[in-house]
Each structure stands twice: as C-alpha cells, then as structure tokens.
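Everything on this sheet refers to the single structure shown next.
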Amino acid sequence: MRTHYCGELNRQNIGQTVTLCGWAHRRRDHGGVIFIDLRDRSGMSQIVIDPDTPAAFANAETVRNEFVLRVVCKVRARPEGTVNLNIPTGEVEMLASEIEILNPSLTPPFMLDDDTLSETVRLEHRYLDLRRPAMQKNMMLRYRVAKTLRDYLDENGFIEIETPMLTRSTPEGARDYLVPSRVHHGMFFALPQSPQLFKQLLMVAGFDRYFQITKCFRDEDLRADRQPEFTQVDIETSFLGEQEIMDIVEEMIRRMFKSVQNIDLPAQFPRLSFAEAMNKYGSDKPDMRVTLEITELTEVMKDVDFKVFSGAANAVGGRVAGLRIPGGAAISRGDIDAYTEFVKIYGAKGLAYIKINDITKLNEEGLQSPIVKNIHVKALQAVIDLTGAQNGDLVFFGADKAKVVNEALGALRAKVGHEKGHVDGRTWAPLWVVDFPMFEQDEENNRWAALHHPFTSPKDGHEDLLTTNPGAALSKAYDMVINGWEVGGGSVRIHSQVVQSKVFDALKISKEEAQEKFGFLLEALQYGAPPHGGLAFGLDRLVTLMAGAESIRDVIAFPKTQRAQCLLTKAPSEVDEKQLRELHIRVRQQNTAS
C-alpha cells in the first residue's frame with residue numbers, strides 16, 4: 001500500500017515515484033494549487049496537487065484535517081525560496097498523481113498543533129492526542145529506551161522471565177489492588193507492587209541473572225506524577241556485591257543515554273551517603289545541579305530566646321538548619337511570602353529568614369529580620385560563619401522535627417535554586433545515594449519500619465545492631481538519582497535465615513505473621529539461597545527526564561489522572577449485579593450525609 005514513510009524522503013529521492021499513506025495534517029488552497037501536509041509517525045511530507053491531474057485534484061478539494069489518505073506522487077526539489085530546513089523533508093515536495101481517501105474524519109475537537117490544550121481534553125481524546133508529533137516522539141523515545149536496556153541486559157547474560165500478575169496480597173507500604181476470586185469464595189488475588197519476592201525465588205532457582213520490563217500496581221494516595229500502574233525495569237543477580245551491581249547498571253544507563261540521545265554521562269557517577277544527602281541537601285534524591293547547601297545550626301540555637309529555634313534545637317529528633325541564598329537580600333517580600341506558603345506543603349509552620357545587609361553589625365541595623373532581636377550575638381555570628389553568608393545574602397531557616405526541616409528546606413533548595421539561577425550549568429547530574437538506614441521510625445505505631453523493604457541486607461558488621469540498636473544499622477541499599485529524580489533503587493538482599501529473623505524481630509513481625517505473609521520465600525531461603533541483589537528502574541520516570549516532559553503522563557500511552565481515572569474509557573466503572581453475584585460481592589451504599 002505504501003513504499004515510504006512520510007518523514008524519510010529527502011534529496012536522494014528526487015525523481016522517484018513513491019506511495020505514501022498518512023493523515024492530512026493541514027490542507028491549503030493557493031489559487032489553483034492545493035497543498036496537503038501528509039503526516040505519519042515518521043514526520044511530514046508536503047504534497048502538491050495541481051489541476052493537471054483532475055481526479056487527484058477533485059479528491060484533494062474534499063480533503064479535510066485528519067482524513068486518511070494514500071498518495072502516489074513524484075519527489076521533486078522544492079522551488080527556490082520555499083525550502084524548510086526545520087524538517088527532514090524540507091528540501092523536497094511530492095507532486096501527486098493519485099490521491100485516494102482511505103477514510104474521512106469528523107472535525108477533530110482540537111487542532112493537533114494547539115499547545116494550549118488542557119490535559120483533560122487531551123486524555124478524553126487520547127487516540128487523537130497521541131497523533132501529535134510531540135507525543136509520537138515521546139512514544140518512540142520510550143520504545144528506544146526500553147529496547148536499548150533490553151539489549152544491554154541480554155548482552156550481559158541476563159534472561160527475561162515473566163512473573164505473575166495475580167499474586168498474594170502482602171501489603172508493605174502502599175495498598176494493594178485486589179482482585180476477587182470467583183472460584184475461591186471470599187478470597188482475593190493482588191496485583192503486584194513489584195516482582196520482589198518472585199525475583200528472589202528465581203535467584204534461589206539458580207537463574208543467576210534475571211530481568212523483566214513489567215507493570216506494577218500501587219493503590220497510593222493521590223499525589224502528583226504518580227500512576228496506579230507503572231512500568232518497572234526489574235533486575236536481579238546472584239553472587240555480586242553492591243559495587244558490582246551498581247557498576248553493571250550504571251554502565252547500562254550511561255550506554256542508554258549515549259545510544260538513544262547521544263548524551264555523555266560522567267565516566268563514574270558520584271557516591272553520596274544518605275546521611276550527607278539529608279544533612280546538606282534535605283533529600284535522599286538531591287538535584288546536584290543546584291549549588292545551594294543546607295547548614296546545620298541545631299547546637300548554636302539551643303540557648304537563644306527565640307523559642308521556635310531553641311524549642312526545636314532541644315527537642316529529641318529536632319533540627320534547626322539554614323539555607324544561604326547568595327544575593328538573596330534582593331528577594332522581594334512577596335517572593336518570601338510565597339516561599340513560606342510553599343514550605344507549609346511539607347509540614348513546616350513557617351519560614352524564618354535574615355537578610356544580610358552588613359555582617360559587621362550583628363543587630364537589627366545590619367541584619368534585617370523580625371527574629372534578630374531574639375537571637376544573641378554569639379548565635380548570629382555562628383550563622384554568619386557556618387553558612388558563609390556575605391553582605392547581600394539571605395538565610396532561610398527551618399526549625400522543627402528533623403524530617404519536616406529536611407523535607408521543607410530540601411524542596412525549597414531546589415525551588416529557589418532553579419528560580420533564582422543557583423545552578424552549575426550541567427544538563428545532567430547523576431549520582432548514587434548509598435548507605436541508607438535499615439529502618440525509619442514509625443511514630444504513629446511506635447515501631448521501626450523498613451526504609452526499603454524487610455529483605456534488604458544490613459551492612460557487613462551491622463547484624464548485631466539489628467538487635468541492640470536498630471536505628472544505627474545501615475543497609476546495603478542504593479538509589480540512582482538523576483536531576484533530583486530517583487530513577488532506580490535496590491539493594492543486596494538477605495539470604496541468611498538467621499539475619500532475616502533478626503530483621504523481622506526489629507520490625508516486630510512475629511514468626512506467625514512472617515510465615516503467613518512470606519512463608520514461601522522464607523522456606524525457599526533455607527534451600528541453598530545464593531547471595532543475591534538487584535534493583536529496579538522506573539521506566540516512566542527515566543523517559544520523562546530524557547524527553548524533558550512536564551509529567552510522566554506525557555510518556556505513557558494511556559495514563560490515569562491524578563485521581564486514578566482513565567478519562568478515555570471512563571474507568572473505573574460500575575459493573576452489573578450479575579458479575580458481583582458471581583464474585584460473592586455486595587456494594588455497600590456510601591452514606592453521603594454530613
């Protein structure tokens with residue numbers, strides 16, 4: 001039906017007769033000569049139809065946007081002055097001898113080159129939105145990324161094995177999506193949050209190097225740029241340690257960036273400990289292009305009169321920290337108010353600041369801020385010395401529980417850094433964050449919770465801390481971060497039943513609960529489980545970064561909204577009573593009374 005794609009014709013094709021198929025992107029009638037921009041997934045060709053071909057001309061007169069066409073045409077050079085070097089086909093045009101309308105189209109609800117479309121309109125008509133060149137480019141990029149990763153893993157001895165989509169519910173973190181069983185009354189499958197347990201079983205089974213590009217599902221609370229279903233590049237290996245695993249996948253990402261977009265990433269990604277990341281950047285996924293750093297001020301604020309600072313400094317688990325903004329004294333009060341509202345998103349109660357007008361005057365004359373009068377000179381001098389503040393700078397402060405301070409100042413660091421130009425000019429800044437704690441405090445339930453998952457191995461020599469001081473135990477976990485996005489994370493797993501029991505004890509998971517949730521894995525680990533570890537990359541996030549897209553929804557063919565809905569198919573939807581009866585399910589009416 002066709003001989004070429006629309007976007008692949010150039011000067012080398014001049015004189016050839018070709019057949020093209022595609023969609024009419026735009027039709028223009030220029031006083032007796034009709035031009036049609038014909039589009040397919042490869043790009044655009046300019047079709048010229050003149051009255052010398054009456055049948056083709058008559059058909060061309062009826063063509064409207066998004067009609068599906070088959071065109072037989074001869075490639076010729078564009079006349080002088082009409083060359084368009086912005087597109088690959090811009091030096092040639094196609095003189096049509098035949099035009100066949102394969103299918104007409106209704107008038108589309110929007111123009112495909114309209115950049116002002118709301119996301120709602122785009123998602124309601126996703127099949128049309130996907131025709132837009134930007135979306136076609138994103139989908140092709142996604143394909144090339146996945147293919148390059150798959151090829152690399154294949155070259156390095158990894159084999160692709162599929163794991164079940166219907167599995168057992170073992171909620172650890174996010175909620176599971178549940179699937180009722182028709183055959184087993186009152187019982188449910190769960191859609192996997194990750195293939196974690198199965199890939200460990202594959203290591204026990206001796207497959208040594210496994211990978212899978214797979215769908216995962218998490219019924220999370222509504223958050224921006226999260227999807228209830230997402231795609232994961234899942235990897236697991238045996239007989240390799242932390243460094244070896246990181247080396248393999250780092251080279252994979254480096255080669256993928258080079259192959260797909262000709263981007264040269266550093267020959268070795270920097271390593272940053274979790275503790276240093278949180279202390280300096282307030283985040284375990286810092287954007288290292290931002291040059292701002294957070295300064296620890298807890299000790300120097302313990303005896304100041306300003307109770308917001310001294311209270312946090314003296315509280316167990318409290319922190320006071322500063323964020324110096326070079327030249328920040330020029331920031332307007334309106335911007336400061338906006339930043340204050342911004343940090344409240346992260347639990348901060350407010351945002352104190354000091355503008356540095358004259359560092360030789362440690363009073364309200366030299367330091368502009370309503371809090372200066374309540375902070376003694378020694379503490380003010382320490383702020384100047386520790387932050388390195390100079391005249392014309394501004395220092396923002398966070399004072400609260402360490403978690404709140406870190407999240408608020410970490411987010412503020414990234415926001416101010418990009419808005420006010422405190423970046424180092426790099427386009428790409430990858431790094432590894434390593435040495436994560438084994439556990440974090442679950443204050444609501446007064447217990448330890450696994451920071452990653454309960455099968456993460458502790459650092460060598462930290463096994464006894466699992467019993468004596470769980471909060472001090474570090475893990476063999478590692479995250480890859482690029483430009484402030486965690487794109488991949490993993491760990492070396494526990495393969496020793498003794499160590500696994502210590503972790504469960506620290507998490508207050510009883511033997512009965514462990515057996516109920518993970519019995520099949522715990523049994524398997526007793527049958528000669530090899531040392532093993534791995535990680536998983538979020539394919540959606542990786543492609544979003546590489547595409548420079550605003551949202552992961554722009555790199556997923558049929559995404560859900562932030563409310564976990566598909567606007568195209570109107571899912572989720574009600575089902576009929578017969579289906580519910582077969583599943584032994586009754587829907588309870590929601591009480592809407594206030």
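Which listed residue (233, 256, 273) has the Cα farthest towards the positive end of the charge dipole for the range 209-306, taking +1 on Lys and Arg C-beta and -1 on Asp and Glu C-beta about the Cα centre? Final value for the positive-end residue is 256. Size descriptors for the range 174-228: radius of gyration and Dmax over Cα atoms are 14.6, 40 Å. Using a cutoff of 8 angstrom between alpha carbon atoms and counting only pairs six or more residues apart, the relative contact order for the chain works out to 13 percent. Once Rg and the Kirkwood radius are both taken over the C-alpha atoms of the range 115-157, their ratio Rg/Rh works out to 1.24.
Peptides 441-453, 568-580, 209-221, 191-203, ordered by how many other C-beta atoms sit within 10 Å of their residues on average, highest first, read 191-203, 209-221, 441-453, 568-580. Think of a 1.4 Å ball rolled over the protein heavy atoms: the range 228-360 then has 44 Å² of accessible area per residue. Heavy atoms of the protein chains alone define the surface here; on that basis the range 63-194 has 58 Å² accessible area per residue at 1.4 Å probe size. Under a model in which nothing but the beta-carbon of Lys, Arg (+1) and Asp, Glu (-1) is charged, the range 415-455 shows a dipole of about 280 debye around its Cα centre. Across all Cα pairs in the chain, the calculated P(r) in 10 Å bins from zero up to the longest distance comes to 3, 13, 19, 20, 19, 14, 8, 4, 1, 0 percent per bin. Over the Cα atoms of the range 90-224, the radius of gyration divided by the Kirkwood radius equals 1.12; this is the Rg/Rh ratio. Taking the Cβ-Cβ separation of residue 151 and residue 30 as r and a Förster radius of 45 Å, what is the calculated FRET efficiency to the nearest 0.05? Taking R0 as 45 Å, the efficiency between residue 151 and residue 30 is 0.45. Every helix of 4 or more DSSP H residues in the chain counts as -39500 (n - 2.57), and over all residues that averages to -8500 deg cm²/dmol at 222 nm.
Remark: the range 269-353 carries a charge dipole of roughly 120 debye about the Cα centre, counting +1 on each Lys and Arg Cβ and -1 on each Asp and Glu Cβ.
Relative contact order of the range 416-573, taken over Cα pairs closer than 8 Å and 6 or more residues apart, is 18 percent. Would you kindly give the portion of the calculated P(r) for the range 395-540 that falls above 18 Å, as a percent of all Cα pairs? So the portion of pairs separated by more than 18 Å is 66 percent. Of the peptides 146-152, 119-125, 530-536, the order by per-residue mean of other Cβ atoms within 10 Å, starting with the highest, comes out as 530-536, 146-152, 119-125. In percent, how large is the relative contact order of the range 339-462, given Cα pairs closer than 8 Å and 6 or more residues apart? Reported as a whole number, the value is 21 percent.
The distance between label points at residue 62 and residue 361 comes to 8.4 nm (points 7 Å beyond Cα on the Cα→Cβ vector).
Accessible surface of the range 422-571, 1.4 Å probe: 49 percent of it comes from carbon and sulfur atoms.
By how many degrees, between 0 and 90 and to the nearest 10, does the Cα long axis of helix 377-387 differ from the longest principal axis of the chain? The answer is roughly 40 degrees. Rounded to the nearest 20 debye, the dipole magnitude of the range 323-377 is 140 debye, with +1 charges on Lys and Arg beta carbons, -1 on Asp and Glu beta carbons, and the Cα centre as origin. At a probe radius of 1.4 angstrom, the accessible area of the range 442-554 per residue rounds to 42 square angstrom. Kirkwood radius and radius of gyration were both taken over the C-alpha atoms of the range 1-144, and their ratio Rg/Rh is 0.97.
Under 5 Å between amide hydrogens, built in the peptide plane, is the criterion, and for residue 241 it picks out nothing among residues at least 5 positions away or on other chains.
The values are calculated or read from the model by the stated rules, or taken from the named source; none is laboratory data. Computed from a predicted model, the values in this text were never measured in an experiment. All Cβ positions, glycine included, derive from the backbone under ideal geometry; neighbour counts span all protein chains shown. Heads up: the accessible areas ignore ligands, DNA and RNA and are worked out on the full protein's heavy atoms, side chains in. Shrake-Rupley method; radii C 1.70, N 1.55, O 1.52, S 1.80 Å.
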